[in-house]
Amino acid sequence: MNYYLSEELNDIKEICAEIAEKYIVPVRAKLDEENRFPREIIKVMAASDLFGIYIPEAYGGSAEIFGGGSMALAVATEELSKACGGVAVSFAANALGAMPILISGSDEQKKKYLPDLASGAKLAAFALTESEAGSDAGAVKTKAVKDGDSYILNGTKQWITNGGEAQIYTIIAQTDPSRGARGLTAFIVEEGTEGFSYGKKENKMGIRASSTMELIFEDCKIPAENIISREGYGFIVAMKTLNTSRPGVAAQAVGIAQGALDEAAKYASERVQFGQRIDSFQGIQFMLADMATQTEAARALVYCTAKMIDAGERKFEKESAMAKVFASDVAMKVTTDAVQILGGYGYMKEYPVEKMMRDAKITQIYEGTNQIQRSVIASALIKETAARGK
Amino acid sequence: MRIVVAVKQVPDTAEVRIDEERGTLIREGVPSILNPFDEYALEEAMKWRDELGGTVTVITMGPPQAEAVLREAISMGADEAILLSDRAFAGADTWATSHTLAKAVEKLGDIDIVMTGKQAIDGDTAQTGPSIAASLDWPQVTFVGKVLEIDENSIISERYVEGGCEIIKSSLPVVITVLKDANTPRLPSLRGKMKARKIEIPVWGIEDLKLPENEVGLDGSPTRVVKITTPETFSDGEIHHGEPEELARLMVDSLLGKEGR
């Protein structure tokens, strides 16, 4: 489908497609096998100016050129994800890490941190999840205790994408346990800060090129000026961040689905059984037709949500959740069907679709499980209905 | 350091066929690309510009649509571009082409280095680079696989020749033709692509270059392509069957030139 993307957005698409073809596809199986972060590819992305596309010009980026940055991020993430969901999330997680500063940071914080992120000189990561605080973000146990002009952080963050690779971390910690979610505060923590170290690197089912790590804080002293927004506003910062970043996960899912569809369609056009190409069989045709339709519908929903955010709409929580739920469920279904169409070959690591199926699964889980997303959608719906009833 | 990179728009060779009757290349419907060897020349020029400062100017001679390869070069990071285009330039052979390119280099003035790919993948002559040097009366270093050093007055490079490597120091200005061993060309950047779309590319014609008509295009070309043919392929392989020992003897005798049997 032609979305009539601007020339500038097409530039992003072209550059990402070229990076995918020349730098990602040749190594994706190896990165997956070795659980290895794609540092070389990240450098190429930086040289191509990709890290600035969601950051305003005033802070070294180019978001205005693309009309805001959400579409830019979606287009880039989708294109990279067609080749490898793991490499793509290593790119997109920087946006997630930068988002709290972008959305709620002070001008000083933006000036201090964003230019290095826009150039790709530094990477960012967002840290909310803990062993006992996932969907229930209010249950964060990492403590930040005020000590003069500083806060002392203690606790462990878990499953942090870009952990160990990023230099700038945005952390959600508890400053007032008695207030639950309203006692949370967002902090900026830089790599190398005393008391901040990395724990184990996770061994994952999919997106294995990406780094997923524990962050450990032991009497880690953070200056009060590193608070994003205000004390007690951490939950709001986190929710705004996730609402804005979710179309990015959705775009990743669309890309993974498209990559799997392309592989399946190509295979079906070449594979001969019973003396004919298997795409001449209606059983395969109907599967491919559904995969294509679902992927396109997911893309349309993601693009519309991203455009809504770029247009400056203030409330997009519901749409953002819908895009994420729909696209990630589509990615799971389409990749599963792609493996089915490739049959035994699809199950083998010589072909990329089994990896795509493993990569797709996480999009239903991270940045808010699809069950949580459905709750978000339902509660928005209930509120809208109640408002209409008045 | 002011470097000029001379580039060429060529048909994608994977797609080219030959018109057997006319003896010419069939270019219709064939996508055009930036000559791949010129990408290495461009990267080498940009690499040294990034290190030493200065500018990289890309030039090409061709029809108006050849502008596309100049924009591609800008998207990769070249600073400016000039298109040499004039009806009078049509039908130029390598002599007339390099003469025209050399005049453009003279008009630009103060150029330290002209870089170009070792050859273009359509004509495969490898003559244009050396011929630019001859026309400018500059030294030339061809088939450069590695540029080791550039300072204000000289350049030291490795020239890869059959069976070896020559290390050559040359004074500036100089013409260098570059091999693919030299580097890995960078990808276009977003900023580059945006600049490429907006930049005004000057078009210089025969009058801008103050060239007489008999020195350009078909009139200025001393050579003529009489015929293009596909060379006959020879297949003189032989297949023998037999015991390993017998076959080994047969092969050794054959290598020694004996008609053994």
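No lab work stands behind these numbers, since they all come straight from the coordinates. Just so you know, these numbers come straight off a predicted model, no measurement behind them. A quick note on method: Cβ atoms are made from the backbone with ideal geometry, for glycine too, and the neighbour counts reach across all protein chains shown.
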Inset, instruction - May I ask for the Rg/Rh ratio of the stretch B:110-173, computed from Cα atoms with Rh as the Kirkwood radius, given to two decimals? - result: 0.96
Inset, instruction - Would you list the P(r) distribution for the stretch A:7-122, with all Cα-Cα distances sorted into 10 Å bins from 0 and each bin expressed as a whole %? - result: 15, 48, 29, 8, 0
Legend entry - Computed log₁₀ I(q)/I(0) - Debye formula, equal Cα scatterers, no solvent, the stretch B:84-217, q 0.15 Å⁻¹: -0.87
Legend entry - Cross-link pairs beyond the 28 Å C-alpha cut-off, checked among A:K157/A:K221; A:K22/B:K8; A:K30/A:K240: A:K30/A:K240
Inset, instruction - Report the local net charge at A:V254: Lys and Arg +1, Asp and Glu -1, summed over other residues whose C-beta lies under 12 Å from its C-beta. - result: -1
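With +1 on each Lys and Arg Cβ and -1 on each Asp and Glu Cβ, and nothing else charged, work out how big the dipole of chain B is about its Cα centre, in Debye to the nearest 20.
That gives a dipole near 820 debye.
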Legend entry - Long-range tail of P(r) for the stretch A:170-264 (Cα pairs > 24 Å, %): 42 percent
Legend entry - Virtual spin-label span in nm between A:E218 and B:L52, 7 Å along Cα→Cβ: 5.3 nm
Inset, instruction - Report the semi-axes of the equivalent ellipsoid for the stretch A:125-234 in whole Å, largest first, where each axis is √(5λ) for an eigenvalue λ of the Cα gyration tensor. - result: 23, 16, 11
Inset, instruction - Please average, across the residues of B:183-192, the number of beta carbons from any other chain that are within 10 Å of each residue's own beta carbon, and give a whole number. - result: 5
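So which helices of chain A fit the span-like rule, where a helix is a whole DSSP H run, its Cα atoms reach 27 Å or more along the axis, and its mean Kyte-Doolittle is at least 1.0?
A:85-104
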Inset, instruction - Positive end of the charge dipole of the protein assembly as shown (Lys, Arg +1 and Asp, Glu -1 on Cβ, about the Cα centre): tell me which of B:L148, B:P63, A:G195 has its Cα farthest that way. - result: A:G195
Inset, instruction - May I ask you to sort A:C304, A:C220, A:C84 by Cβ crowding, counting other Cβ atoms within 10 Å and putting the fewest first? - result: A:C304, A:C220, A:C84
Legend entry - Difference of contour (0.36 nm per residue) and Cα-Cα distance, B:V252 to B:L108: 45.6 nm
Inset, instruction - Mind checking which aspartates and glutamates have their Cα closer than 19 Å to the Cα of A:K266? Skip sequence neighbours fewer than 8 apart in that chain. - result: A:E21, A:E79, A:D279, A:D290, A:E296, A:D337, A:E350, A:E354
Legend entry - Order of A:E78, B:E207 under a 10 Å beta carbon neighbour criterion, fewest first: B:E207, A:E78
Legend entry - Per residue, the convex hull volume that the Cα atoms of chain A enclose (Å³): 141 Å³
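Please say if chain B is rounded, prolate or oblate, where rounded means a/c under 1.5 for a ≥ b ≥ c the square roots of the C-alpha gyration tensor eigenvalues, and otherwise the choice is prolate for a/b larger than b/c and oblate otherwise?
On the way: a/c = 2.07, a/b = 1.59, b/c = 1.30.
In terms of gyration-tensor shape, prolate.
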Inset, instruction - Taking every Cα atom in the stretch A:46-87, find the radius of gyration and the maximum pairwise distance Dmax, and write them in Å. - result: 10.7, 32
Legend entry - Cβ-based net charge around A:F66, under 10 Å, with every Lys or Arg adding one and every Asp or Glu removing one: -4
Inset, instruction - Assuming R0 = 22 Å, can you tell me the calculated FRET efficiency for the pair A:A386 and A:E313, based on Cβ-Cβ distance, to the nearest 0.05? - result: 0.55
Legend entry - Neighbour-count ranking [beta-carbon atoms within 10 angstrom, fewest first] of B:L187, A:L114: B:L187, A:L114
Legend entry - the stretch B:147-261: equivalent-ellipsoid semi-axes (sqrt of 5 x gyration tensor eigenvalues, Cα, Å): 51, 27, 20
Inset, instruction - Can you run the Rg to Rh ratio on the stretch A:239-383? Use alpha carbon positions and the Kirkwood inverse-distance Rh. - result: 1.07
Inset, instruction - Report, largest value first, the span of the C-alpha coordinates of the protein assembly as shown along each principal axis, in whole Å. - result: 91, 68, 56
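Mean residue ellipticity at 222 nm from the helices of the protein assembly as shown, using -39,500 (n - 2.57) per DSSP H segment of n ≥ 4 over the full residue count, to the nearest 500 deg cm²/dmol?
Calculated from helices alone, the mean residue ellipticity at 222 nm is -14000 deg cm²/dmol.
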Legend entry - the stretch A:239-383, dipole about Cα centre (Lys/Arg Cβ +1, Asp/Glu Cβ -1), debye to the nearest 20: 520 debye
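Using the Kirkwood formula over every pair of different C-alpha atoms, what hydrodynamic radius in Å results for the stretch A:235-299?
After inverting the pairwise mean of 1/r, the radius is 13.8 Å.
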Legend entry - Two-decimal log10 I(q)/I(0) for the stretch A:143-188, as the Debye equation yields it once each C-alpha is a single scatterer, q = 0.21 Å⁻¹: -0.78
